[in-house]
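A short reminder: the numbers here are calculations on the coordinates, not readings from a lab. All values derive from a computational prediction rather than experimental measurement. Don't worry about glycine lacking a Cβ; one is built from the backbone with ideal geometry, like all the others, and counts go over all protein chains shown.
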Amino acid sequence: MQLFVRSAFVVACATLAFSNLAAQSQPLETKTDYQGEAHETFLKKAKIVSAKDLGVGVTLPKKLTLEMNGVTRNAVFKSIDDSKGRMATYAKGQGEVAFQDSWQCEIPGYVVDMIIGLGWVPATVERTVNGETGSVQLWIQSRFSEAERNKQGVNPTDTVQWRRNVLKMRLFDELIYNVDRHANNVLITEDFDLRLIDHSRAFRPYDKLKSPEVLTQFSRELLEGLKKLEYQDLRKKVGRYLQNGQIQALIKRRDLILALADKLVLERGAAAVLY
């Protein structure tokens, strides 16, 4: 039941985002439209015109309407902070001791994306809304979620690029140890680029990869981006939200990904592994 409600929340976000796009007839968004310092400042400082419950989701998110200097944008506010280390059982009967579902993981998700140059996680900041502190993430345009794409039977025209996008997403989720990636929190743009949301269940303190077998090919650019992750820099940028053990585990998983890429290149050749 919890998984169904959580998925319903993400579907609602995707549907509303698509409705906004259709109504406003805006051009396709690029990375500069939803990432960077200007958007972070807007999310932190803009006047809150309204804050409405989305009505679905175990995290009880709110949809915010923000306005500053004549610019109006929507955002999602999340204040859940379930990080008691309790045992959680998932739909397939799998259990987890170090369970966490927290807004504090949303911000590191955005920060790590920015450092490595992935460009898919919308700007996310900390903010207090009506006395509650949580994460505020920019509302983005999308055509549909991956679940809705499958339901409609819509296939990408460029299947090679689509596969590469999926591989990049898998690498990102392995890096941040995201245990909650599903077809409803993968949003797809009109040109079949990806936008990734809902990272409140990421950054587990494990110094291993969750599913290394899914990493079969690698973006050269993203591998170079991984090398930009440094422990002290991460402590400075996200130490407020992640414990040292979580940051150390992230660096360890980064090293494992780089080592795996090198291993596969030796076994199969660079042409078969890198793009």
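Estimated at 0.36 nm per residue, the fully extended path between T41 and H182 surpasses their Cα-Cα distance by 47.8 nm.
Where a ≥ b ≥ c are the square roots of the eigenvalues of the C-alpha gyration tensor, would you call the stretch 118-275 rounded, which needs a/c under 1.5, or, failing that, prolate if a/b is larger than b/c, or oblate? Oblate, since a/c reaches 1.5 and b/c is not below a/b.
Around the amide H of R143, modelled in the peptide plane, lie the amide H atoms of I188, T189, E190, all under 5 Å away and 5 or more residues distant in sequence or on another chain. How long is the gain from E96 to K227 if the chain were fully straight, where each residue apart is worth 0.36 nm and the alpha carbon distance is subtracted? The span from E96 to K227 would gain 44.2 nm if fully extended. Rounded, prolate or oblate for the stretch 189-228? Axes are the square roots of the Cα gyration tensor eigenvalues, ordered a ≥ b ≥ c, and the cut-off for rounded is a/c under 1.5. Since a/c reaches 1.5 but b/c is at least a/b, the shape of the stretch 189-228 is classed as oblate.
Simple spin-label estimate for A259 and N130 gives 4.9 nm between the two label positions (7 Å along the Cα-to-Cβ direction from each Cα). Each of H182, L266, F144 was scored by the projection of its Cα onto the charge dipole of the stretch 129-275, and the greatest displacement toward the positive side belongs to L266; charges sit on the C-beta of Lys, Arg, Asp and Glu. The 3J(HN,Hα) values that the Karplus relation (6.51, -1.76, 1.60; θ = phi - 60°) gives for the stretch 182-188 are, in residue order, 8, 5, 8, 10, 10, 9, 10 Hz. Gly and Pro appear as x. Once the C-beta distance of E190 and E67 is scaled by a Förster radius of 35 Å, the resulting FRET efficiency is 0.85 to the nearest 0.05.
With the cut-off at 23 Å, tell me which of the pairs K47/K228; K45/K78; K31/K151; K44/K227 have Cα atoms farther apart than that. Result: K47/K228; K31/K151; K44/K227 exceed 23 Å. Peptide packing for 43-55, 178-190 was compared via the average number of neighbouring C-beta atoms within 10 Å per residue; ordered from the highest value, the list is 178-190, 43-55. 3J(HN,Hα) couplings calculated from phi for the stretch 111-120 with the Karplus curve 6.51 cos²θ - 1.76 cosθ + 1.60 (θ = phi - 60°) are, in sequence order, 4, 5, 4, 5, 5, 7, x, 5, x, 10 Hz; Gly and Pro show x. Protection proxy ranking, highest mean first, for peptides 220-227, 136-143: 136-143, 220-227, where packing is the per-residue count of other beta-carbon atoms within 10 Å, averaged. In a fully extended conformation the segment linking T216 and I251 would gain 10.6 nm over its present Cα-Cα distance, using 0.36 nm per residue. Approximating the spin labels as points 7 Å out from Cα along Cα→Cβ, the K31-to-N244 distance works out to 3.3 nm.
Here r is the Cβ-Cβ distance between K208 and V166 and R0 is 35 Å; the resulting FRET efficiency, rounded to 0.05, is 0.95.
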